[in-house]
Amino acid sequence: MKKSHIALTLSALLMPAIVFADASAKADIDASGTGYTGVIMINQAAGSGQQQSNVRAIAVGNVPTARTSVSQTRDVLPANAGQIDALANIQGNAFSSGNGVLGVNQSAGIGNQHINAFRIEMSSMPEGLDDSGLAQSAALVSVNSGGVVPQSGDRQVAIDDQAFSGSKGVVQLNQSAGVGNRTVNNLGIRITN
């Protein structure tokens, strides 16, 4: 009997902390990744139910096939999902003076989905654009995008003017603060000789 009493007391003490933690979500990147070289993929999330993906594919040959395929699904958002303060910041000289392929997904809130997809094909023969690449460029209609959820709380995204400065190559960024946001960056490059 004492064990169950202790467990109930502990649960009651932790419950307010869990509820309070869900009322605010903050994601910060400050002066990180400066001078990067090569392929860099960053996923940062604060809150709950976030889905983030960075995908890269490279193919070389007579008939190269570099394909990316990402599927993100989400159930209906919780009824209290709209009642959150969410803040996503990229500060200082983060990711500045870099060279290569950079993908950053940053979200704060509940149920946000981000995809960064990049593929490059090098061949000696020309090819047509396929539907699989185009299909990844569209965010599907959500079952519940959060529009019917009561929206309260503060949502802010910010990028310092020094962030990403002087970078060369490919930079893909998805940044959101709030509930039920969906963003996709899809870049496909074909090079023929």
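Results, tabulated for the structure shown:
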{"quantity": "Tabulated pairs, region 82-94, first of a type in the set (Asp, Glu), second not in a strand (DSSP E or B), C-beta under 9 angstrom, 6+ apart or interchain", "calculated": "Asp85/Ala23; Asp85/Gly153; Asp85/Asp154"}
{"quantity": "Only listed residue being under 22 Å from Val184 (Cα atoms), touching a Phe, Trp or Tyr at 6+ places or on another chain (Cβ under 6 Å) and of a type in the set (Lys, Arg), chosen from Arg56, Arg67", "calculated": "Arg56"}
{"quantity": "Where a residue in region 38-57 is on the phi > 0 side of the Ramachandran plot and its partner, wherever it lies, is open to solvent by less than 40 Å² (accessible area, probe 1.4 Å), with Cβ under 6 Å and at least six apart", "calculated": "Gly38/Gly100; Gly47/Ala25; Gly47/Ala108; Gly47/Gly109; Gly47/Ile110; Gly49/Ile110; Gly49/Gly111"}
{"quantity": "Within region 49-73, tally of residues that are surrounded by 18 or more Cβ atoms within 10 Å (Cβ to Cβ) and over 13 Å from the mean Cα position of the chain (by Cα)", "calculated": "3"}
{"quantity": "Residue ID - modelled with the lowest pLDDT, chosen from residues in region 71-97 that are small (Gly, Ala, Ser) and not in a loop (DSSP other than H, G, I, E, B)", "calculated": "Ala86"}
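The values are calculated or read from the model by the stated rules, or taken from the named source; none is laboratory data. Computed from a predicted structure; not experimentally measured. Positions of Cβ are generated from backbone atoms using ideal geometry, with glycine treated the same way; all protein chains shown enter the neighbour counts. Accessible surface areas use protein heavy atoms only, side chains included; no ligands, DNA or RNA. Shrake-Rupley method; radii C 1.70, N 1.55, O 1.52, S 1.80 Å.
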